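I have placed the structure first, in the form of structure tokens, so that the comments after it can refer back to it.
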Amino acid sequence: MQEGMIKNINGTKIESRVKNSIFVAGNLPNGQKINMYGKFEIKGDWIVQVILIGEERKITEEVADTFISS
């Protein structure tokens, strides 16, 4: 699941400090630089996936973690 998302934005995985999460720097087809933050949790029979994608300068790991944790 994670590898497919990374490939979709032509991204490079950056080491994340948060358990069960990924932080990726990538590019849109028009060349715009973006960041993607994903968090994955297993809750009983469910897999929960939360994704935040935005412009490189607006989405940092700290911003994404605060948003997803709230």
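Where strands (runs of 3 or more DSSP E) fall entirely within the chain, those with at least 3 residues that are exposed (fewer than 13 other Cβ atoms within 10 Å of the Cβ) are at 33-43, 46-55. Contact annotation: residue pairs with Cβ atoms under 6 Å, 6 or more positions apart or on different chains, pairing a residue in the stretch 16-39 that is in contact (Cβ under 8 Å) with a residue 40 or more places away in the chain with a partner that is assigned to a loop (DSSP other than H, G, I, E, B) and open to solvent by less than 50 Å² (accessible area, probe 1.4 Å), are F23/S16.
In contact with a strand residue (DSSP E or B) (Cβ under 6 Å, 6 or more places away or on another chain) and on the phi < 0 side of the Ramachandran plot: is that true of I47 in this structure? No.
The values are calculated or read from the model by the stated rules, or taken from the named source; none is laboratory data. Note that the structure is a prediction, hence the values are computed from the model and not measured. Neighbour counts are summed over all protein chains in view; Cβ atoms, including those assigned to glycine, are modelled from backbone coordinates with ideal geometry. For the accessible areas, the whole protein counts, side chains as well, though only heavy atoms, and no ligand, DNA or RNA atoms are used. Shrake-Rupley method; radii C 1.70, N 1.55, O 1.52, S 1.80 Å.
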